[in-house]
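As structure tokens, the structure follows; a few thoughts come after it.
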Amino acid sequence: MMDIWSWICELPDSTESDSPQIFELVNGGGDDSTRGIHVKAQRTAGSTSEALLTLSICLNGFHPHIDGNTIWVSDTCPLKSDKPFLPLLLQLVQEIITRSPMAQTSTCPRSQFQKLKPDAVSWILDTHSPESFSNLFNIVFLMRLFWLCVCDAPSEVGFFYFESLLGPYLEAMKLDQTTVLSTFFIAVGVDAELCFMRTFGYMLTKWLLLTPTYSGHQLRLSYATEANGFWVLKAYAPLLAMELSNNSSRNTNRDSVLNYALAHQQLETVIQLEYSVTFHEGYLRVTARVDNLRFHVSKLGFSKKDEVDYANERHFVSRARIWVGPEVGATYVSGLSLGRSTNNGEREVEQQRVVKGSCEKLKAPKIKTRARMGTRARIKNWRWDQDAEGNCVIFDAVLHDNSNGHEVAMWKRMSDGDEVRNQYNGPRRPFTKTRGLVFAGDEYGEGVEWRLSKEMEGNVLKWRIGGEVWVSYLPNQVKSTFSETRCVEWCDEVDLPLIPGK
């Protein structure tokens, strides 16, 4: 697998002369052996004491380009510095996030990210060995190459990038083992993280569209942290990397265009639980409750006018299943207490009767009456439950259609009528205008409690936290028989410090 970072780290000792060093990112092989993408490192003008180095990306063998055609040049890197390639990393990250497919309504303009804080990125270099950092750098480099090869070069170069470079690298890479990514996101901040991950999601979407038979289960990124009494799991999944669990489609040309528009979406999830530890004479008590569950379906596009026919067609969250608890096989938990399953269904019926009468002046009195009865019902769209699996607590939220009570994630719509059109408008919609969703702690009611052995005091335990989320699509303003539900699952570990005073 490509390891350009290791090659770059050796450059200060191998560039004493003016002759350039070449790193072959990928070569076509076989009949395409003349085609390739190379990185060239070369000394630039400057004194011997300065020892400046510049990297460039070159294309070979692509018509009508001549060999050695340069498509990108880095800023100069001061080889005598203690972090000679910090400017290179900053440049790559800045160029990635400033081209991110952020939503048009974003409150974070890309122009604000043209200057990342060098100290934050420098801290990552200080805290990770070259071996562990190489995975992050390789991902960053691949993303910068994506814009160069796919968006700024002829289509021949883009297909070569997907087939010969990105595809093999993604198949070998394990995102869930890339712990340095979580450190990187914490260092650069959540705004830069969103830009970075929407670029990453856009790149994966383009590749998955070209390889529809590929199982994208390993292309879902999540990481978990513990701080200030919170357990937080952040997770991302492009739509095409989610498993199809329910669909109804007739594969018409019209639906193919719709599918392409719907593919450019990404589920972004934040699971935030509040926890506390209290120490008693014979045991420890760990309590937890839902503080915030946030789900957002982002559009991975650049211009509203590009998708004007499908601007209001988007997936929405139809079920969320969150769990937290001790590691599998833990024997130090003596009991688990759940809160109530909160607000399970609610229906209010009001009846109104109006009687109107009149007495006409006739020889025989006659009374005319008319009665009217009105009924108003309020049905909650979401049902919230608490459950347990062993010593792990499960928070479950399920969306039901408020007209027929059916669970939306399991609904198969076969007709081509107008019965569900414009379902995202009006006050009764069960999510935000962008098909997102926010659950606060008061909707899940009481917290949960574990009792642990006193012997565990002073330890920092590893607890598991995870989630399973379903997103569904029903035609909104287009006439189509297409509908589907997709599902994604994440699982990670967080710390539980059992240290008095911490």
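On the basis of being surrounded by 14 or more Cβ atoms within 10 Å (Cβ to Cβ) and among the acidic types (Asp, Glu), does GLU446 make the cut? Considered against the rule, which asks whether it is surrounded by 14 or more Cβ atoms within 10 Å (Cβ to Cβ) and among the acidic types (Asp, Glu), GLU446 comes out as yes.
What number of residues within region 127-144 are under 13 Å from PHE85 (Cβ atoms) and either open to solvent by 20 Å² or more (accessible area, probe 1.4 Å) or touching an Asp or Glu at 6+ places or on another chain (Cβ under 7 Å) (or both)? Within region 127-144, residues that are under 13 Å from PHE85 (Cβ atoms) and either open to solvent by 20 Å² or more (accessible area, probe 1.4 Å) or touching an Asp or Glu at 6+ places or on another chain (Cβ under 7 Å) (or both) number 2. Checking each residue in region 284-293 for being at pLDDT below 95 and either open to solvent by 50 Å² or more (accessible area, probe 1.4 Å) or not in a strand (DSSP E or B) (or both) picks out only ARG289.
Among the residues of region 449-497, those identified as open to solvent by less than 10 Å² (accessible area, probe 1.4 Å), under 23 Å from ILE394 (Cβ atoms) and more than 27 Å from the chain's Cα centre (by Cα) are TRP450, LEU452. Across region 317-332, the qualifying residues are those that are aliphatic (A, V, I, L, M) and assigned to a strand (DSSP E or B), and the one among them that is nearest to ILE271 (Cα to Cα) is ILE322.
The values are calculated or read from the model by the stated rules, or taken from the named source; none is laboratory data. Quantities reported herein were computed from a predicted structural model and do not represent experimental measurements. With ideal geometry, Cβ positions are generated from the backbone for all residues, glycine too; neighbour counts draw on all protein chains shown. Areas reflect the complete protein model, heavy atoms only, side chains present, ligands, DNA and RNA absent. Shrake-Rupley method; radii C 1.70, N 1.55, O 1.52, S 1.80 Å.
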